[in-house]
Each structure stands twice: as C-alpha cells, then as structure tokens.
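Engineer: One structure, as structure tokens, below. Some questions next.
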Amino acid sequence: MTDYQDQIRRRREEILSRVDAALTRAGRSWSDVKIMAVSKTVDTGRVLDAIHAGYRLFGENRPQELVRKLDALKGAPEAADIRFDMIGNLQTNKINAVLGRAACIHSISSLHLAEAVSSRAARRLEQGELAAPQPVLIEVNVSGEASKSGFDPDELRSCMGELRELRGIRIEGLMTMAPRGDKHRARETFAGLRGLRDELLAAHPALELPELSCGMSEDFEVALEEGSTLVRLGRVVFDPSFELE
Ligand SMILES: *Cc1c(COP(=O)(O)O)cnc(C)c1O
C-alpha cells in the first residue's frame with residue numbers, strides 16, 4: 001500500500017466517526033445518509049485509491065471530466081458499482097454529455113435549465129436511449145449570496161408546480177451551498193433548506209423530496225445535524241493536509 005492509500009483510508013475512518021457522532025447528536029440513523037467523494041481535483045488513479053478505501057459515490061463539477069473518468073474506469077472490476085454525480089454549473093450545450101451518465105444532476109439552478117434537461121431526456125426516452133427520467137436535485141440559493149447560483153426560495157415556491165410537470169426528469173430533492181468560513185451562517189443555510197423542503201412537501205401533496213444535498217469539507221457535521229442526506233466532500237477526502245477542526 002502506498003502512503004497515499006494509507007492516508008486516504010485513515011482519513012475515511014476519521015470522517016466516518018465524525019459523521020457517526022453528528023448523526024448521534026441529531027438522533028438520526030445512518031440509513032438515510034450518503035457520503036460523496038468530490039473528485040474534481042484528482043486524477044483517476046486517486047479515484048481508484050478512494051474506491052479501494054470504500055467510497056462508492058463520486059462528484060464532478062465539469063461534464064467533460066465526469067465523462068472522462070467514467071470512461072477511464074469502465075471495465076475496472078472494482079468500479080462496477082460506483083456512481084458519479086454532476087454537481088457543478090451545467091450549461092445547456094453540455095446537457096447531452098451527462099444525460100444518463102451522471103447518476104444524478106445536483107445543479108438544476110433555474111426553470112430554464114430544468115426544462116432544457118427534461119426536453120432532451122424526454123427525447124432520449126422516446127428513442128429508447130435512456131431507460132428512465134434523469135434524476136436531478138434542485139439547487140437553491142438559500143443564503144442569498146450574489147455569487148451563488150440556484151433558485152431563489154420564493155422563485156422555487158412559485159414554480160415547483162411547473163417543475164413537477166417536467167416528464168424527462170425525476171426531482172429527488174434539494175441542494176445548496178453554504179457561505180464559507182462561518183459555521184453559524186452555514187447552519188442557518190442548511191436549516192433553511194430543510195425548512196423549504198418541508199414547506200414544499202406541505203404545499204404539494206404526493207411530492208417527495210427525500211434528498212438534501214448539503215455540507216462540504218468545512219461544514220459537513222453541521223449539515224448532518226441539520227438534516228443533510230448527502231454530504232459532498234472534496235478536500236477532506238483527498239487532501240491529507242486538510243485539517244479537520
Ligand atoms: C468542490 C465542491 C465541493 C467539495 O468542496 P470541499 O470544500 O473541497 O469539500 C462540494 N460541492 C460542490 C458543488 C463543489 O464544487
């Protein structure tokens with residue numbers, strides 16, 4: 001085993017024990033929580049190291065890179081049951097590249113993008129090239145920072161009805177990013193996402209939004225305390241020099 005493989009394994013043990021502690025504090029169980037390894041800054045070799053360490057879910061923020069890594073891992077026996085999600089900004093001219101390849105697109109940040117993904121997916125479904133509607137999450141700008149993309153909460157309240165009508169996508173939940181470097185605001189952001197989810201469920205009978213994708217290297221424990229079902233971890237997984245508090 002290389003030093004790096006040893007480090008990524010030991011780091012995983014530390015992450016799992018912190019996840020476990022956060023879930024215990026919140027009275028939650030492991031069954032509804034997934035840990036994503038965000039592999040956007042590392043090459044395929046390190047993804048393989050992460051697979052060997054026990055990760056099964058990966059995230060990429062660029063379509064070309066997601067497809068490149070999926071192709072590179074094709075046929076590798078250890079990669080048989082792994083999944084890649086698209087977590088970064090998606091331009092409409094890149095939708096076709098990730099349709100059906102990204103297990104879930106976390107970054108549906110506008111009605112326009114949702115419609116564009118849905119119409120392309122619907123066409124592929126008709127042609128028998130896609131087995132099921134594309135799973136997606138709706139990205140919400142809960143914190144209201146101008147630098148962040150995503151639906152404004154009010155905007156989402158008013159167009160959830162339209163989003164639900166889109167036949168080419170299956171909306172599995174909500175995603176957000178918290179302001180950096182401020183645990184208190186991060187907690188408010190995650191709690192805000194959960195509150196919005198509860199509101200939408202109350203307003204739309206039969207709607208299901210099981211997934212709350214939130215929490216990154218600096219704030220995943222807070223996110224889990226506030227109901228996150230999927231934490232997206234980059235540096236803490238892959239960078240041995242990242243310091244956990
Ligand atoms: C890079 C990235 C992450 C992971 O960030 P870290 O702080 O390295 O854990 C999570 N989500 C998205 C959308 C990202 O782009």
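The values are calculated or read from the model by the stated rules, or taken from the named source; none is laboratory data. As the structure is a computational prediction, the values presented were derived from the model and not from experiment. Cβ placement follows ideal geometry from the backbone for every residue including glycine, while neighbour counts extend to all protein chains displayed.
Engineer: What tally of residues in the stretch 61-88 results from selecting those that are surrounded by 14 or more Cβ atoms within 10 Å (Cβ to Cβ), part of a loop (DSSP other than H, G, I, E, B) and either within 16 Å of the ligand (Cβ to nearest atom) or at pLDDT below 95 (or both)?
Structural biologist: 4
Engineer: Please pick out the residue among Arg232, Arg164, Arg185, Arg170 that is within 16 Å of the ligand (Cβ to nearest atom), among the basic types (Lys, Arg) and free of Cβ contacts under 8 Å to residues at least 60 places away in the same chain.
Structural biologist: The unique qualifying residue is Arg185.
Engineer: Also, quick follow-up: Residues Ala146, Ala121, Ala131: which one is out of contact with any helix residue (DSSP H, G or I) (no Cβ under 7 Å at 6 or more places or on another chain), touching a residue at least 24 places away in the same chain (Cβ under 8 Å), part of a loop (DSSP other than H, G, I, E, B) and at negative phi?
Structural biologist: Ala131
Engineer: Further question on the same structure: Counting only residues that are within 12 Å of the ligand (Cβ to nearest atom) and closer than 21 Å to Pro210 by Cβ, how many does the stretch 39-60 have?
Structural biologist: 2
Engineer: Related question: State the number of residues belonging to the stretch 217-229 that are within 13 Å of the ligand (Cβ to nearest atom), in contact with a strand residue (DSSP E or B) (Cβ under 8 Å, 6 or more places away or on another chain) and in contact (Cβ under 8 Å) with a residue 40 or more places away in the chain.
Structural biologist: Qualifying residue count, the stretch 217-229: 3.
Engineer: Same structure again: Which numbered condition trips up Asn93, out of (1) under 18 Å from the mean Cα position of the chain (by Cα); (2) in a helix (DSSP H, G or I); (3) not β-branched (Val, Ile, Thr)?
Structural biologist: Against the list (1) under 18 Å from the mean Cα position of the chain (by Cα); (2) in a helix (DSSP H, G or I); (3) not β-branched (Val, Ile, Thr), Asn93 comes up short only on (1).
Engineer: Follow-up question, since we're still on this one. Kindly indicate the residue of the stretch 17-49 that is part of a loop (DSSP other than H, G, I, E, B) and in contact (Cβ under 8 Å) with a residue 12 or more places away in the chain and also farthest from the chain's Cα centre (by Cα) among those meeting that condition.
Structural biologist: Arg28
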